[in-house]
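The values are calculated or read from the model by the stated rules, or taken from the named source; none is laboratory data. This structure is a prediction, so every number in the text was calculated from the model and none was measured. Positions of Cβ are generated from backbone atoms using ideal geometry, with glycine treated the same way; all protein chains shown enter the neighbour counts. All accessible areas refer to the heavy atoms of the entire protein, side chains included, with ligands and DNA or RNA removed. Shrake-Rupley method; radii C 1.70, N 1.55, O 1.52, S 1.80 Å.
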Amino acid sequence: MYHGKIVGTGSFLPDFIVTNDDLAKVVETSDDWIYTRTGIKERRIAKDYGVSDMAAQAAKNALDQSGVKPEEIDLIITATVSSEYSMPSVACMVQGKIGAKNAFAFDLQAACSGFVYGLDVIEQFIKTGKVKKALLIGVEKLSQVLNWEDRSTCVLFGDGAGAVIIEATKEVYGVIDVLNKSIGTDWDVLTSKIKHNDTPYYKQGEDNYLKMDGQQVFQFACKKVPEIFEELLTNNGLETIDVDLFVLHQANSRIIERVAKKMGQPIDKFYMNIEKCGNTSAATIPIALDELNGKGELSGKTVGISGFGAGLTYGAAFIQFQ
Ligand code: UT7
């Protein structure tokens, strides 16, 4: 039976850098508070790029790296929560921008777990034989949904995009397994309302700012990420020792440290780039994978990825890189 293999990665980070010191001029905060509590030093803000611009650039970079041509792509999935458009999907906009004329394209909304959810969906299409080559993108421009007067959230997030090209294969390399879960009873822990228009009959009223109970998300992540990795290991007859590298959603370095400790794993097995990018939601994992790939650090490795965020959603996957 077929399964998916990642044959190319790409990313795009806007060039405009906002440091913690820059933010201290906007809200009452400090480099010390932000760095100590989150591990973030700076983030990118997409002043001059829309969500689909960043996504298309990351996709082009992934295609170039893989050698796959745009017209060979059968399916495009974009994971995002911050598009400027309710319709069309970012995926269709990317399709137009990169010339992937033979693909069908849609967006997937699972917040910061979007990349892992997307991987699961693509795996199913590949297993049935319907899709041979797919493009999976995680992209966010969260700067446009943040309340820039709320220091408890605006310091955490950044903008950017990451993409992977996934090909059907019967080789041992590729996606070993993916597992995703959600806890809809906690939907209100992390929200961003869509801003719709007033009508003659009713008014909309509310803002669309991102709102979060940070501590609840923190506790949820530290509990559920080790649990889902454990379940996935058991399902596949693997042990933690078999995993060479972990790439977790980059929400807070303290979450990653806590997860490493709970799993009894050394922290240097856990990749981190949060210092430079902040939390780019659905984009954190593919951006990190592209950075690692660029440094040749994925070759021959078994990698565990895990996303977690609004929904609440969470998920994990193991991928064997060639
Ligand atoms: O992608 C998934 C979504 N997000 C996450 O995963 C985030 C998960 N949660 C977290 O990372 C952490 O909970 C935060 C970084 C958001 C907050 O860290 P914390 O250690 O839980 O801080 P706190 O919310 O308990 O706030 C501690 C204090 C408060 O002051 P008082 O009440 O103790 O006087 C806050 O008002 O820090 C204050 N504070 C700040 N101070 C300076 C909150 N934000 C800031 C700030 N600068 N930016």
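What to note about this one:
- Given R0 = 22 Å, the distance between the Cβ atoms of HIS196 and GLU149 translates into a calculated FRET efficiency of 0.50.
- Annotation note: trypsin sites (Lys or Arg not before Pro) in region 54-107 located in DSSP loop regions with a Cβ neighbour count of at most 10 within 10 Å are LYS101.
- Helical mean residue ellipticity (222 nm; -39500 (n - 2.57) per DSSP H run of 4+; nearest 500) of the chain: -9500 deg cm²/dmol
- Check: the chain dipole with +1 on Lys, Arg Cβ and -1 on Asp, Glu Cβ, in debye: 420 debye
- A Förster radius of 30 Å, combined with the Cβ-Cβ distance separating ASP213 from THR302, puts the computed FRET efficiency at roughly 0.30.
- Whole-Å distance, taken between Cα centres, linking region 105-175 and region 193-268: 14 Å
- Ordered from highest to lowest accessible area with the whole protein assembly present and a 1.4 Å probe, THR78, THR29, THR234 read as THR234, THR29, THR78.
- Using a Förster distance of 25 Å, the FRET efficiency for TYR173-ARG254 (Cβ separation, nearest 0.05): 0.15
- Its Cα centre serving as origin, region 3-172 has a Cβ charge dipole (Lys and Arg +1, Asp and Glu -1) of approximately 660 debye.
- In Å², nearest 10: area of MET263 left accessible to a 1.4 Å probe: 30 Å²
- Per residue accessible area in Å² of region 177-322, where ligands, DNA and RNA are left out and the probe is 1.4 Å: 47 Å²
- DSSP finds beta bridges in the chain, and of those with both partners inside it, around 70 percent are antiparallel.
- Span-like helix check, the chain: qualifying full DSSP H segments, with Cα axial length of 24 Å or more and mean Kyte-Doolittle of -1.0 or more, are 214-235.
- Stretch gain in nm, segment SER86-LYS295, where the contour uses 0.36 nm per residue and the Cα spacing is subtracted: 71.6 nm
- Inter-site label distance for ASN102 and ASP188 at 7 Å from Cα along Cβ, in nm: 5.0 nm
- Heavy atoms of LYS211: accessible area, 1.4 Å probe, square angstrom to 10: 90 Å²
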